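This report concerns only the one structure given below.
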Amino acid sequence: MVKGQQLEVLKALDVAKTQWYHFTAIIIAGMGFFTDAYDLFCISLLTKLLGRIYYDVPGSSKPGALPINVAAAVSGVALCGTLAGQLFFGWLGDKMGRKKVYGITLVMMVAMSIASGLSFGNTAKSVMTTLCFFRFWLGFGVGGDYPLSATIMSEYANKKTRGSFIAAVFAMQGMGILAGGVVSLIVSSAFEAKFKPPPFKVNAVASLPPECDYIWRIVLMFGAFPAATTYYWRMQMPETARYTALVAKNAKQAAADMSKVLKTEIEAEEEMVDKIGKTEQNQFGLFTKEFARQYGVRLLGTTSTWFLLDIAFYSQNLFQKDLFTSVGWIPPAAEMNAIREVYMVARAQTLIALCGTVPGYWFTVAFIDVIGRWWIQMMGFFFMTVFMFAIAFPYNYWSKKENRIGFIIMYGLTFFFANFGPNATTFVVPAEVFPARLRSTCHGISAATGKAGAIVGAFGFVYASQDPNPAKRDHGYPAGIGKSKSLIVLGVINFIGMLCTLMVPESMGKSLEELAGEVEVDDVEEERKESA
């Protein structure tokens, strides 16, 4: 197989010093991820409130709760949309270009965030149906942001700090989760101060003021704001040089765009672009034996690890409120009014985000170009397994009042090592190890496989975690294996993730063309010596 030399414009990007345009790209792409996380995870703060409002049973000794099928749908339907969006927009990003598709996803996220909060109808069924409909399409837009943000950042970055830059974009997911908790705290505090409802056990009717219906709508619609603020800047970004030169075959435009970005003159090597486009390795497609031979194992590695990680990660995130209730960190529902319950759930999630989730992301940013992607991912899966088992086996011990602080610490550590681990690296690596013409598609496939795992977690965990004892589960919910055994299953899944990491290549310190096998290693070494 004939392998080409690296273009001058791509060399310039690989060796460029960290400049303002790098940080601009991180902010623009990162705000998309901030919105993604806010939209996907804020629903977990609101499901108990939705149950009280729309499924209240007059005369019952317990507040209303979403039926299990409705709870699973409300929590998981956005993930179904995300999966579809990752596949579609990932493919479209390689066909139309990263920039053209990037604006479409943002507009969809803004519109569907607002529409989710405006979900209409006079019955519980109509409100939940329209909410699920809009959240599916919200997820569809969110899904497009995954492959496009990762690909754009990887193609803009230099070799030395590429991992940190991509991880910094993804770290905004932690800030989005944190923002969801903070917004919910502010809104619920304001409403409780205004209406001062009594606890459910004191006065069931008064514990649920009619104005509560505004709380969940405000929280959902706030997700449109951060996305809308970055639309103009997203549209001002030039197309990445790797797409323009290697896929669109427009060397002149790629050189002109990057000359402006890097503030230096770059030669347009049109003859070399034509030569590279005609080489054998730039001809085969995704569904070919040649792709399977050259990239099959790494695609299996990126998809399997993301799938396994998301089963555990989304199970933890979407249903942590139920775990907090089961260990008594959140009071029983009957002892709170509807607004106070939102506040307590948001407070718990915000604390976990502050102490475990957010620091884990930024540890990855700091160390991914020092330790490497492979070791961080392996370490993360290992410690997630350890801490999950440490919570699961002595679960009765942790549920005692005097041990609850220990439980929160251990549970927070599982989030820390998810994010200083595979939750970040599974996002970074697929943006680096595939060729430019298939990079967005392969990242979309990897991410969509991850969302398939998230759907398994969202729909499976809500059923599996139900207590066998009818007195310890909500009315109408079938018996499951319980939270302790469910956590053991998640621990086993994390262990399998360690084994699948063996198929993932280390990409630290190499150019994207070198990782994709599109340039000779000898040529790359010679170029390094020349630049030195």
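The values are calculated or read from the model by the stated rules, or taken from the named source; none is laboratory data. Because the structure is a prediction, the values reported are computed rather than measured. Neighbour counts are summed over all protein chains in view; Cβ atoms, including those assigned to glycine, are modelled from backbone coordinates with ideal geometry. Surface accessibility is based on the protein's heavy atoms, side chains included, excluding ligands, DNA and RNA. Shrake-Rupley method; radii C 1.70, N 1.55, O 1.52, S 1.80 Å.
Report whether or not residue 511 is open to solvent by 20 Å² or more (accessible area, probe 1.4 Å) and modelled with pLDDT of 75 or more. The answer is no for residue 511. With respect to the conditions (1) within 30 Å of residue 432 (Cα to Cα); (2) touching a residue at least 60 places away in the same chain (Cβ under 8 Å); (3) part of a helix (DSSP H, G or I), residue 17 falls short on a single one, namely (3). Return yes or no: is residue 521 modelled with pLDDT under 80, of a type in the set (Val, Ile, Thr) and open to solvent by 30 Å² or more (accessible area, probe 1.4 Å)? Yes; evaluated as a whole, the condition is true for this residue. Residues that are open to solvent by 10 Å² or more (accessible area, probe 1.4 Å), under 22 Å from residue 39 (Cβ atoms) and touching an Asp or Glu at 6+ places or on another chain (Cβ under 9 Å) do not occur anywhere in the range 195-206.
Among the residues of the range 462-471, those identified as part of a helix (DSSP H, G or I) and open to solvent by 40 Å² or more (accessible area, probe 1.4 Å) are 463, 470, 471.
Between 365, 345, the distinction of being in a helix (DSSP H, G or I), out of contact with any Cys (no Cβ under 9 Å at 6 or more places or on another chain), among the aliphatic types (A, V, I, L, M) and within 18 Å of residue 316 (Cα to Cα) belongs to 345 only. Would you be able to say whether some residue in the range 394-409 is among the polar types (S, T, N, Q), within 17 Å of the chain's Cα centre (by Cα) and not in a loop (DSSP other than H, G, I, E, B)? No, the range 394-409 contains no residue that is among the polar types (S, T, N, Q), within 17 Å of the chain's Cα centre (by Cα) and not in a loop (DSSP other than H, G, I, E, B). The combined condition, being out of contact with any Phe, Trp or Tyr (no Cβ under 6 Å at 6 or more places or on another chain), at pLDDT below 80, under 23 Å from residue 361 (Cβ atoms) and assigned to a helix (DSSP H, G or I), is not fulfilled by residue 309. Going through (1) farther than 18 Å from residue 306 by Cα; (2) in a helix (DSSP H, G or I); (3) β-branched (Val, Ile, Thr) one by one, residue 385 falls short only on (1).
Among the numbered conditions (1) modelled with pLDDT of 85 or more; (2) part of a helix (DSSP H, G or I); (3) surrounded by fewer than 21 Cβ atoms within 10 Å (Cβ to Cβ), the only one that residue 235 does not meet is (1). Considering only residues that are in contact (Cβ under 8 Å) with a residue 24 or more places away in the chain and either over 30 Å from residue 336 (Cβ atoms) or part of a helix (DSSP H, G or I) (or both), which ones fall in the range 52-73? Once the filter is applied, which keeps residues that are in contact (Cβ under 8 Å) with a residue 24 or more places away in the chain and either over 30 Å from residue 336 (Cβ atoms) or part of a helix (DSSP H, G or I) (or both), the range 52-73 yields 52, 53, 54, 68, 70, 71, 72, 73.
Considering 434, 459, the condition of being of a type in the set (Phe, Trp, Tyr) and either open to solvent by 10 Å² or more (accessible area, probe 1.4 Å) or at pLDDT 95 or above (or both) is satisfied by 459 alone.
Scan 117, 97, 76 and give me the residue that is touching a residue at least 24 places away in the same chain (Cβ under 8 Å) and either in contact with a Pro (Cβ under 7 Å, 6 or more places away or on another chain) or within 26 Å of residue 242 (Cα to Cα) (or both).
97
For the range 207-232, the set of residues classified as closer than 30 Å to residue 434 by Cβ and open to solvent by 60 Å² or more (accessible area, probe 1.4 Å) consists of 231 only. Might you let me know whether the range 261-280 holds any residue that is out of contact with any Lys or Arg (no Cβ under 7 Å at 6 or more places or on another chain), buried (at least 22 other Cβ atoms within 10 Å of the Cβ), at pLDDT below 85 and not in a helix (DSSP H, G or I)? Yes, that holds for at least one residue. Against the numbered list (1) open to solvent by less than 10 Å² (accessible area, probe 1.4 Å); (2) aliphatic (A, V, I, L, M); (3) under 21 Å from the mean Cα position of the chain (by Cα); (4) more than 22 Å from residue 460 (Cβ to Cβ), residue 26 comes up short only at (1).
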